[in-house]
1. Just for the range B:46-97: of the residues that are assigned to a strand (DSSP E or B) and within 14 Å of chain A (Cβ to nearest Cβ), which one is modelled with the highest pLDDT?
2. Being in contact (Cβ under 8 Å) with a residue 12 or more places away in the chain and assigned to a helix (DSSP H, G or I) is true for just one of B:Leu163, B:Leu175. Which residue is that?
3. I need the full set of residues from the range B:406-461 which are outside any loop (DSSP other than H, G, I, E, B) and among the β-branched types (Val, Ile, Thr), in order please.
4. Given (1) under 20 Å from the mean Cα position of the chain (by Cα); (2) buried (at least 19 other Cβ atoms within 10 Å of the Cβ), where does B:Pro513 come up short, assuming only one miss?
5. Using the structure shown, decide if B:Val758 is in contact with a helix residue (DSSP H, G or I) (Cβ under 8 Å, 6 or more places away or on another chain), of a type in the set (Val, Ile, Thr) and closer than 18 Å to B:Ala701 by Cα.
6. Within the range B:186-199, is there a residue that is among the small types (Gly, Ala, Ser) and touching a residue at least 24 places away in the same chain (Cβ under 8 Å)?
7. Among what's in the range B:295-318 and is away from chain A (no Cβ under 14 Å) and under 14 Å from B:Met390 (Cβ atoms), pick the residue that is surrounded by the fewest Cβ atoms within 10 Å (Cβ to Cβ).
8. Filter the range B:338-365 down to the residues that are out of contact with any helix residue (DSSP H, G or I) (no Cβ under 8 Å at 6 or more places or on another chain) and either closer than 24 Å to B:Pro555 by Cα or surrounded by 15 or more Cβ atoms within 10 Å (Cβ to Cβ) (or both) and list them by number.
Amino acid sequence: MAESISLRQLQVGQTAVIHTIKADGELGRRIRDMGLLPGVELEAVGKAPLKDPVALRLKGFTLTLRNNEADLITVIPSSQK
Amino acid sequence: MDSQITVALAGNPNCGKTTIFNYLTGARQHVGNYPGITVEKKDGMARCDGQDVRVIDLPGTYSLTAYSQEEVVARRTLAEERPDVVIQVADAGALERNLYLTVQLMELGIPVVLALNMMDEVHRRGDSIDSARLAATMGIPVVECTGRSGLGLDTLLRTAVALAAEVRGKEWNPLKISYGTDIDPVVDEMTALIVQEFAETSSGASASSYPPRWLALKFLEGDGDVREASFISEDLRNALDALLDKTAKHLDLTLQTYPEAVIADFRYGYITSVLRGDIVTRHKESAGRRSFSDKLDQVLTHTLLGPLIMLGIFYLVYKVAFEFGAYPMDVVDAFFGWLGDMVDANMSDGLLKSMVVSGVIAGVGGVMVFVPLILVMFLLIAFLEDSGYMARAAYMLDRVFRVFGLHGSSVMPYVISGGIAGGCAVPGVMATRTLRSPKEKLATMLTLPFMTCGAKIPVFILFVGVFFAAEHQPTVMLCLTLTGWALALLSAWVLRHTVIKGDPTPFVMELPPYRLPTLRGLLLHTWERGWQYIKKAGTIILAISILIWALMTFPTLPADVAERHDVVIAQLEEKVGAAEESVLAAGGSIEAPEEDEDAEKLPEELLLAEARDALAEAENIKSAETLRNSIAGRIGTALEPVSRYAGFEWRTNIALLGGFAAKEVLVSSLGTAYSLGEVDPEEAESLAEKIKADTGTWSMANALSLMIFVLVYAPCVVTIAAIRREANSWGWALFSLVFSTALAYVLAVGVYQIGKAVL
């Protein structure tokens with residue numbers, strides 16, 4: 001089993017499974033509304049021209065998060081392209 | 001009303017809800033605002049088997065928490081207006097996330113019909129959804145449809161109407177799911193407390209349209225709107241708080257989590273169990289649209305290409321708008337010119353004629369001329385919005401916006417306000433409601449009026465047209481827009497570090513797949529916004545045009561002064577008459593000579609021309625004195641000692657004063673100022689030519705200074721009113737007024753003084 005890393009460190013093209021989410025309050029609620037939960041699979045599909053925010057692919061849709069928000073989420077990388 | 005069926009449309013943003021709403025209601029829709037707040041309220045009538053069905057389009061939301069104003073509005077509408085049925089439009093491609101809202105609707109208890117939208121995309125990918133099984137598992141009707149083509153929408157409406165007939169008069173039946181052993185007992189306990197309270201106070205039950213269990217759940221979720229609700233008494237709130245506290249402490253201790261997160265997890269758990277088995281069958285390689293969208297993103301959000309393409313797209317919007325907007329503009333312009341001439345020829349001289357020609361026709365005509373341009377602009381903006389490109393712009397620009405203490409979503413209000421020229425600050429201010437942080441929202445709201453809104457464009461087009469060669473005009477216009485951006489961002493930074501300090505808010509945003517917008521949607525959207533503009537022209541601007549005409553006409557010159565002028569003019573008229581006679585006697589023509597210097601002229605003709613010039617000058621002097629004597633002239637003149645440093649003379653001051661009421665009035669009141677001073681109303685000399693000829697007053701430095709001033713100075717009255725409403729404070733509205741005008745003056749003085757020295 002691979003080590004969990006911060007979502008920020010996930011490279012573009014890499015897929016991973018969400019391990020923990022530390023965000024609470026408004027950010028936590030927003031993240032859950034969008035279906036980001038432990039156990040959910042995601043792929044980093046891109047970064048904005050200034051390397052922040054990051055674009056993530058979930059099942060059927062794409063969403064964006066700022067790097068400092070991605071810091072609150074740890075993931076376990078599952079594959080490398 | 002009682003027999004009429006009401007259906008509400010709910011759904012995530014970007015799920016195609018608006019397309020379905022447009023299809024169902026066609027042109028029979030009404031756009032308004034929810035009372036007290038500025039979330040748009042759309043309402044329309046659909047027809048189903050000869051029956052009228054009222055359709056409410058709820059704002060797009062991801063859930064039913066109190067996270068944003070849209071969510072609060074959506075659930076209040078559901079609870080208070082009690083539509084018979086809610087149709088939840090779901091993007092079938094992202095079913096799991098969309099079902100999160102479905103579950104919450106079912107928890108509320110309102111009868112739900114689930115519309116699996118965008119099935120064409122699902123099929124194209126080779127995926128399939130077993131909607132019959134989904135319906136059976138969830139216990140609600142499920143209809144597959146494709147909003148773009150209209151496929152399945154008739155069935156959808158019929159299903160909703162059938163369900164409405166079935167549940168009519170029955171109590172709501174909230175869905176009860178388990179939230180685990182830690183939460184379930186607390187929900188029950190809380191529900192019991194609420195039920196007991198409502199039973200004791202008869203007012204409670206009637207005041208609250210929400211099911212008690214749902215209220216308990218929301219209380220556990222820490223929902224502020226429910227917690228502060230008036231129908232929850234002080235005692236009840238304390239009792240519920242105590243339960244919430246105990247549960248929260250327990251969860252924190254045992255699982256390092258909190259009630260809200262646990263409840264959400266169990267909702268998703270429920271969704272997972274619903275979708276277990278193979279309700280959704282995904283093709284091995286989910287290729288097709290999605291990957292096409294990804295490929296596009298690789299280029300359109302590319303590190304280097306992305307920003308360049310974005311600039312290019314913004315530039316292209318100008319190019320297209322100007323090239324295509326120009327032709328119909330000429331037609332409208334010609335029409336109002338003709339109308340002015342017609343009225344002028346058929347009405348007797350006097351104040352009424354002056355008001356109709358100089359006030360009404362010139363004022364409204366000056367605004368209507370820009371309708372074609374604005375329609376083209378709106379069409380292009382709607383295309384960018386509906387295609388999904390706007391979200392990419394927010395994504396690419398967020399890092400930049402954050403530097404200035406703003407949010408990537410600030411891009412939308414900015415763009416709507418005129419970030420792509422041709423917007424309007426009023427809907428821009430309204431669009432700031434999607435910004436959750438009051439601070440970022442306020443900073444956006446106070447600086448977005450610096451954008452090149454549609455009403456400023458006429459001013460820019462006028463002066464850019466006069467002072468720049470045709471091939472440079474789009475570039476200059478782009479520079480003006482960029483200046484607006486720079487000023488807005490810099491002032492936002494200043495505001496966020498002085499009067500409105502504070503931490504940034506979350507940026508979690510969906511990037512919808514690129515879609516080709518439907519023509520119908522684009523046209524409806526364009527028409528809605530264009531119509532708002534036209535209505536503004538017909539009401540506020542008409543009134544202001546007349547007011548400004550009155551300000552420029554009254555008080556009239558004192559009788560003795562007027563008489564002195566009239567005597568001079570009468571004498572000169574006699575001279576002209578005499579000269580005409582002598583020209584005729586000499587066999588010449590009394591027609592005003594063409595601009596043909598070489599043509600041989602009789603000496604009598606030269607004398608006539610001289611006499612005419614003298615008459616014109618005398619009339620000009622009288623008009624100028626009349627205007628200067630009027631209220632507007634007095635205010636404008638009084639301001640001259642201050643405005644002089646920015647290069648504005650009193651006539652410009654008059655126009656700028658009028659522009660505070662509505663920027664559209666700027667050009668028309670400048671026009672009125674000039675046309676009132678004009679000798680011959682028959683001579684349809686356009687304002688641009690007038691300014692070009694008036695080199696004494698108008699140099700490049702004056703023009704640049706005025707354009708900067710117009711870009712930045714006080715937002716129009718309507719915008720101020722919108723700011724007051726959105727910020728819920730007269731203080732901020734007033735601040736906006738003073739702040740903008742002070743900044744504009746400083747900039748204009750700078751530009752004029754430097755311009756004068758350099759150019």
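1. B:Ala90
2. Details: B:Leu175 fails: assigned to a helix (DSSP H, G or I).
Answer to the check: B:Leu163.
3. Answer for the range B:406-461, where residues must be outside any loop (DSSP other than H, G, I, E, B) and among the β-branched types (Val, Ile, Thr): B:Val411, B:Val415, B:Ile416, B:Val426, B:Val429, B:Thr432, B:Thr434, B:Thr444, B:Thr447, B:Ile457, B:Val459, B:Ile461.
4. In the conditions (1) under 20 Å from the mean Cα position of the chain (by Cα); (2) buried (at least 19 other Cβ atoms within 10 Å of the Cβ), B:Pro513 misses (1) alone.
5. The answer is no for B:Val758.
6. Residues of the range B:186-199 among the small types (Gly, Ala, Ser): B:192, B:199.
Now drop any that are not touching a residue at least 24 places away in the same chain (Cβ under 8 Å), which leaves none.
Checking the range B:186-199: not a single residue is among the small types (Gly, Ala, Ser) and touching a residue at least 24 places away in the same chain (Cβ under 8 Å).
7. Per the criteria, the residue is B:Ile313.
8. Result: B:Asp341, B:Ser348, B:Asp349, B:Gly350, B:Leu352.
The values are calculated or read from the model by the stated rules, or taken from the named source; none is laboratory data. Keep in mind it's a predicted model, so treat the numbers as computed, not measured. Positions of Cβ are generated from backbone atoms using ideal geometry, with glycine treated the same way; all protein chains shown enter the neighbour counts.
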